[in-house]
Structures are given as structure tokens and as C-alpha cells.
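The values are calculated or read from the model by the stated rules, or taken from the named source; none is laboratory data. Just so we're clear, the structure is a prediction, and the values are computed from it rather than from any experiment. Because the Cβ atoms are built from the backbone with ideal geometry, glycine has one as well, and the counts that use them run over all protein chains shown. The accessibility values were calculated without ligands, DNA or RNA, using every heavy atom of the protein model including side chains. Shrake-Rupley method; radii C 1.70, N 1.55, O 1.52, S 1.80 Å.
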Amino acid sequence: MEYELLGWPPDGPKLRLDHERFSYAGKFVMTNTGKAVAREDGELVAAIAFNEDRTDEATLWLRYVTVAGDRRGEGIGPELVRLVRDRATERGYDRLRIAVNNPFAYEALYRAGFGYTDETTGIAELILEYPAPVDGSSDEDATDEGTSRERYQAGLSAFRERDLSTEEEAFLEARRDRGPPDSSARGG
């Protein structure tokens, strides 16, 4: 798998994705967002579009993350997010944010080191950020597994209150009473 950052906002490339394979395909034709992609054997299998926050130039928003429908669950999305995360912090961004609308994306972002902020957008998406938010004010609190678990579960609980598919319900049930996934693990 090859992961590549193609450009930064506001001069990102235009990507034409197959709308039958990729969610949000139409959002990748905009050139005012940066883009990153994952390819295997020359075939595009995932993409991210991102741009700076309108009011905080130190914050980068991941706007759309999409993985080909037949490749979801393989860890490609979190790995691509890690690439953007690492390059963005090298470039000087203090934090990255993303709004997610389903528990699968929520879990994938946790795998990439993001954490739930206890905030939602006006359209009920949960906001996650990197570095992950920390409760409390001491360094000891920053490593408190219980606090991290509670924050992770709070986001999952927000999804449980929604009208869910059978797959989403099973996914959430399998994570009941667990802590967040390991963000240092690579792959699926």
C-alpha cells in the first residue's frame, strides 16, 4: 500500500472518484482542499480532503475521509489519517479536527490517535481531535485509562441514541464497556 499527500489547501488537486465505490466522491473535485490518497498497485483505494479552520490557522479540519467500499475494515483509513496527521503537525498545525457521523468512522479516528471532544456539529456529527482531548490538568490525568475509556464510551453512547443499522448496532454492542482501541497499532 502506498500513502501519499498530494497537496495542501488552498491549492489541492482535483480527484475524480467513482461514486459507486467511494462515499463523498463529489467532494473531492474541489481544488480548495488538500488531498491525500492511498493506492495499491496504482489503484486508488482511499482519500482524504482537508482544509484550515476559517477562524484558527493552527487548526486543520479533515473534511472527508473515504475508503473504497470493498476495502473498508482493513485499516487503510486510519493509516491514511496518520499520514495527514503527521505531515500536518510537521507543517505547524497545533491540532486536527474531524466531525464523524457513524461509529465505524469514530473507531477509525480513535485508531489514528484522535479523541472525542464531547462536542457535536449542528448536524449531529461527533467532533474528534488530535491530540486527543485530556480531562483534568495534570500529566498524570493525561495517561488515566479510566478517563480515556469514559470519553470513548461517551461518544459510543451518543451513537446508540440514534436510529442505527443492524451492523452499527452489533458494532456498538461489541464495544460496550471497552476502552478505546490502541492508536499505536498499524493496519486493520
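What about Leu60, is it in contact (Cβ under 8 Å) with a residue 24 or more places away in the chain, within 26 Å of Glu119 (Cβ to Cβ), in contact with an Asp or Glu (Cβ under 7 Å, 6 or more places away or on another chain) and open to solvent by less than 10 Å² (accessible area, probe 1.4 Å)? For Leu60, the condition - in contact (Cβ under 8 Å) with a residue 24 or more places away in the chain, within 26 Å of Glu119 (Cβ to Cβ), in contact with an Asp or Glu (Cβ under 7 Å, 6 or more places away or on another chain) and open to solvent by less than 10 Å² (accessible area, probe 1.4 Å) - is met.
Please indicate, with yes or no, whether at least one residue in the range 152-167 is at pLDDT below 95, open to solvent by 70 Å² or more (accessible area, probe 1.4 Å) and within 24 Å of Thr89 (Cα to Cα). No, that holds for no residue.
For the range 22-33, give me the residue count where each residue is open to solvent by less than 20 Å² (accessible area, probe 1.4 Å) and of a type in the set (Gly, Ala, Ser). Even if it seems obvious, please write down each step before you answer.
First, pick out the residues of the range 22-33 that are open to solvent by less than 20 Å² (accessible area, probe 1.4 Å): 22, 25, 28, 33.
Those still in the list that are of a type in the set (Gly, Ala, Ser) too: 25.
Of the residues in the range 22-33, 1 are open to solvent by less than 20 Å² (accessible area, probe 1.4 Å) and of a type in the set (Gly, Ala, Ser).
Just one of the listed residues (Lys35, Lys14) is within 16 Å of the chain's Cα centre (by Cα), basic (Lys, Arg) and farther than 18 Å from Asp94 by Cα, and it is Lys35. Within the range 34-47, can one find any residue that is free of Cβ contacts under 8 Å to residues at least 40 places away in the same chain, surrounded by 14 or more Cβ atoms within 10 Å (Cβ to Cβ), touching a helix residue (DSSP H, G or I) at 6+ places or on another chain (Cβ under 7 Å) and within 17 Å of Tyr130 (Cβ to Cβ)? For the range 34-47, residues free of Cβ contacts under 8 Å to residues at least 40 places away in the same chain, surrounded by 14 or more Cβ atoms within 10 Å (Cβ to Cβ), touching a helix residue (DSSP H, G or I) at 6+ places or on another chain (Cβ under 7 Å) and within 17 Å of Tyr130 (Cβ to Cβ): absent.
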